[in-house]
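Asks: What follows is a single structure, and I will ask about it in a moment.
The values are calculated or read from the model by the stated rules, or taken from the named source; none is laboratory data. No experiment lies behind these values; they were computed from the predicted model shown. Here the Cβ positions follow ideal geometry from the backbone for every residue, glycine too, while neighbour counts run over all protein chains shown.
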């Protein structure tokens, strides 16, 4: 398995990407089966990897976290059945609190340091950093600039070292049977740090600030800056393409196409300005994020250069590998082996996808239905876990103060989970429930209002939620029935149409408004310290103006706070603020 992180389907030549330099992805498609309707499930990084291990959805019960004691792990099942498993990776989240139970499931593993602010090299003095980097700086960004000089040449880049290690494993074990190696790089995840020869593939004029790490927020940058970030991503993608080519060369050299399964996959994509957004997790999970590239070569089935139209998901990867090695699949697994053979047999009618506390989404391959909470509070939201850790830390005593033991789920092997109040940094209610027809609107630019289609998809959604034993709190949060049929009374797209329209409006660009004494670029500490400006804020953004958050984010410009608010600050109101501030 060659696994990339944040690999954008739309930028690959086999999926119509006609401007990126990725010849080895084109070469890959000539030797494998290309899946045209592969979708993510639980997101982002570690929830997706939990699906990779367990073959079941997890985002309805749990946010980012480790494998649970009751989870079945595909690499561990292979190991227990005589298949040697090895992980070579530079993915830093495996070695944080919220991912610490994954790599130990393999027989052996290697890790290469330095990606995305990995706490690797120690330096007390501040590193040399571009003056114009983003204002909301955190320790992770500082650490990234400590690390970068130690990856100054391509041979020292963690991606290169990861593929070196994976290829070493293949070379060492090419004549052995029953092994599985997972070569997994964090790239092309942000920051888009690559070397000059890849940047040279995308010549362009750019005179703006250093910009290879967009925040997860709405776009307020110039068109020039947006384009530059896209080229920076493309350069890193081309570096990934070269690494992929090294694996394909090894497959050729050692004759592995005759007897070796090859899977090339990713966890999710990344928005690079599309829909007016950067990143993921904050906005709805549009197709740019969840419609995935997937390539599979199964020597038993063949199919080089063929395509499959069956709807498949991340939960299908574990069953595929277990079936290949003749290992029985646990009853808990919801996925099925990928239909690589020419029959293109259906795997499912529809698939779930989402993030804990966000929209709960469903697609049947034609339509996408994004179900928002039915009320502004996005409650109740609950965590079910026996491993109470977040991405980079443990649950606090306050988070565990009111913990209760829940009744066992069918997949917890008789164990009762800890049930505690969940948390989410964004509220999907602001975006409303959305319905898209991908056949007539593949870019998802025009949400539908179609009660008949919504009723059908909401019914499928509830059936899948019941099939995955969603907690009762999820039905209550979404305004859906835990029992009985979905009816027209449960539909939300029409009722939430206005808030969906407001959330879809682009934020004003600061350069579009004349600079007065005060502007959207003025630090909020200055705005709230000016009585006249404060009155402008209170008139147009009353909930924000009275918020303690503005005191905490004092040095941050209002435009950046709006961009990171997840749609909570209405763009139309922000325009009024901009116009009035410019007059002061």
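Asks: Restricting attention to the range 147-161, report how many residues are surrounded by fewer than 13 Cβ atoms within 10 Å (Cβ to Cβ) and touching a residue at least 24 places away in the same chain (Cβ under 8 Å).
Replies: The total comes to 1.
Asks: Surrounded by 14 or more Cβ atoms within 10 Å (Cβ to Cβ), closer than 23 Å to residue 240 by Cβ and modelled with pLDDT of 95 or more - does that describe any residue in the range 134-143?
Replies: No.
Asks: Do you know which residues across the range 437-483 are in contact (Cβ under 8 Å) with a residue 24 or more places away in the chain, under 30 Å from residue 419 (Cβ atoms) and not in a helix (DSSP H, G or I)?
Replies: 468, 469, 470, 471, 479, 480
Asks: Examine the range 74-94 for a residue that is part of a loop (DSSP other than H, G, I, E, B), out of contact with any strand residue (DSSP E or B) (no Cβ under 9 Å at 6 or more places or on another chain) and farther than 25 Å from residue 301 by Cβ, and state whether such a residue exists.
Replies: Scanning the range 74-94, I find no residue that is part of a loop (DSSP other than H, G, I, E, B), out of contact with any strand residue (DSSP E or B) (no Cβ under 9 Å at 6 or more places or on another chain) and farther than 25 Å from residue 301 by Cβ, so the answer is no.
Asks: Among (1) surrounded by fewer than 21 Cβ atoms within 10 Å (Cβ to Cβ); (2) out of contact with any helix residue (DSSP H, G or I) (no Cβ under 6 Å at 6 or more places or on another chain); (3) closer than 25 Å to residue 256 by Cα, where does residue 184 come up short?
Replies: Residue 184 satisfies all of (1) surrounded by fewer than 21 Cβ atoms within 10 Å (Cβ to Cβ); (2) out of contact with any helix residue (DSSP H, G or I) (no Cβ under 6 Å at 6 or more places or on another chain); (3) closer than 25 Å to residue 256 by Cα except (1).
Asks: Is it the case that the range 288-299 has a residue that's in contact (Cβ under 8 Å) with a residue 24 or more places away in the chain, crowded, with 22+ Cβ neighbours inside 10 Å and more than 30 Å from residue 447 (Cα to Cα)?
Replies: Yes.
Asks: Could you check the range 14-67 and list, in sequence order, the residues that are assigned to a helix (DSSP H, G or I) and more than 21 Å from residue 91 (Cα to Cα)?
Replies: 14, 15, 23, 24, 25, 26, 27, 28, 29, 30, 31
Asks: Could you identify the single residue in 69, 130, 92 that is within 27 Å of residue 321 (Cβ to Cβ) and surrounded by fewer than 22 Cβ atoms within 10 Å (Cβ to Cβ)?
Replies: Among 69, 130, 92, only 69 is within 27 Å of residue 321 (Cβ to Cβ) and surrounded by fewer than 22 Cβ atoms within 10 Å (Cβ to Cβ).
Asks: Tell me which residues, restricted to the range 379-401, are assigned to a loop (DSSP other than H, G, I, E, B), more than 23 Å from the chain's Cα centre (by Cα) and over 12 Å from residue 422 (Cβ atoms).
Replies: Of everything in the range 379-401, those that are assigned to a loop (DSSP other than H, G, I, E, B), more than 23 Å from the chain's Cα centre (by Cα) and over 12 Å from residue 422 (Cβ atoms) turn out to be 386, 396, 401.
Asks: Can you tell me which condition residue 36 does not meet? The list is (1) surrounded by fewer than 20 Cβ atoms within 10 Å (Cβ to Cβ); (2) more than 24 Å from residue 318 (Cα to Cα), and all the others hold.
Replies: For residue 36, the exception is condition (2).
Asks: A further question on this structure: Within the range 496-518, identify whether any single residue is at pLDDT 95 or above, surrounded by fewer than 20 Cβ atoms within 10 Å (Cβ to Cβ), outside the structural domain of residue 286 (by TED's automatic domain parsing) and not in a helix (DSSP H, G or I), and answer yes or no.
Replies: Checked the range 496-518: no residue is at pLDDT 95 or above, surrounded by fewer than 20 Cβ atoms within 10 Å (Cβ to Cβ), outside the structural domain of residue 286 (by TED's automatic domain parsing) and not in a helix (DSSP H, G or I).
Asks: Now a separate question. Of all residues in the range 332-363, count the ones that are crowded, with 18+ Cβ neighbours inside 10 Å, in contact (Cβ under 8 Å) with a residue 60 or more places away in the chain and in a loop (DSSP other than H, G, I, E, B).
Replies: Number of matching residues: 10.
Asks: Would you be able to tell me the number of residues in the range 555-574 that are on the phi > 0 side of the Ramachandran plot and touching a helix residue (DSSP H, G or I) at 6+ places or on another chain (Cβ under 6 Å)?
Replies: 1
Asks: Taking into account only those residues within the range 95-107 that are closer than 20 Å to residue 319 by Cα and either touching a strand residue (DSSP E or B) at 6+ places or on another chain (Cβ under 7 Å) or not assigned by TED's automatic domain parsing to the domain that holds residue 319 (or both), which is surrounded by the most Cβ atoms within 10 Å (Cβ to Cβ)?
Replies: Across the range 95-107, the extreme among qualifying residues is 106.
Asks: Which residue out of 166, 230 is outside any loop (DSSP other than H, G, I, E, B), farther than 30 Å from residue 574 by Cβ and assigned by TED's automatic domain parsing to the domain that holds residue 326?
Replies: Only one candidate qualifies: 166.
Asks: Which of the residues belonging to the range 431-457 are surrounded by 23 or more Cβ atoms within 10 Å (Cβ to Cβ) and out of contact with any strand residue (DSSP E or B) (no Cβ under 7 Å at 6 or more places or on another chain)?
Replies: 431, 432
Asks: Quick check on my filter: what residues within the range 389-408 are in contact (Cβ under 8 Å) with a residue 40 or more places away in the chain and under 25 Å from residue 93 (Cβ atoms)?
Replies: Correct list: 389, 390, 391, 392, 393, 394.
Asks: Take the range 519-539 and flag every residue that is within 14 Å of residue 575 (Cα to Cα) and assigned to a loop (DSSP other than H, G, I, E, B).
Replies: Correct list: 519, 520, 521.
Asks: Please go through the range 269-290 and give me each residue that is over 14 Å from residue 504 (Cα atoms) and touching a helix residue (DSSP H, G or I) at 6+ places or on another chain (Cβ under 6 Å), ordered by number. Give the steps one after another, and end with the answer.
Replies: Step one: list which residues in the range 269-290 are over 14 Å from residue 504 (Cα atoms), which gives 269-272, 279-281, 287-290.
Result: 269, 271, 272, 280, 288.
Asks: Filter the range 249-274 for residues that are assigned to a helix (DSSP H, G or I), surrounded by fewer than 19 Cβ atoms within 10 Å (Cβ to Cβ) and out of contact with any strand residue (DSSP E or B) (no Cβ under 9 Å at 6 or more places or on another chain) and give the result.
Replies: 249, 250, 252, 253, 258
Asks: Return the total of residues in the range 172-187 being over 14 Å from residue 264 (Cα atoms) and touching a strand residue (DSSP E or B) at 6+ places or on another chain (Cβ under 7 Å).
Replies: Summing the residues that are over 14 Å from residue 264 (Cα atoms) and touching a strand residue (DSSP E or B) at 6+ places or on another chain (Cβ under 7 Å) in the range 172-187 gives 3.
Asks: Additional query: Among (1) surrounded by 21 or more Cβ atoms within 10 Å (Cβ to Cβ); (2) touching a helix residue (DSSP H, G or I) at 6+ places or on another chain (Cβ under 9 Å); (3) assigned by TED's automatic domain parsing to the domain that holds residue 169, there is one condition residue 31 misses while meeting the rest; what is its number?
Replies: (1)
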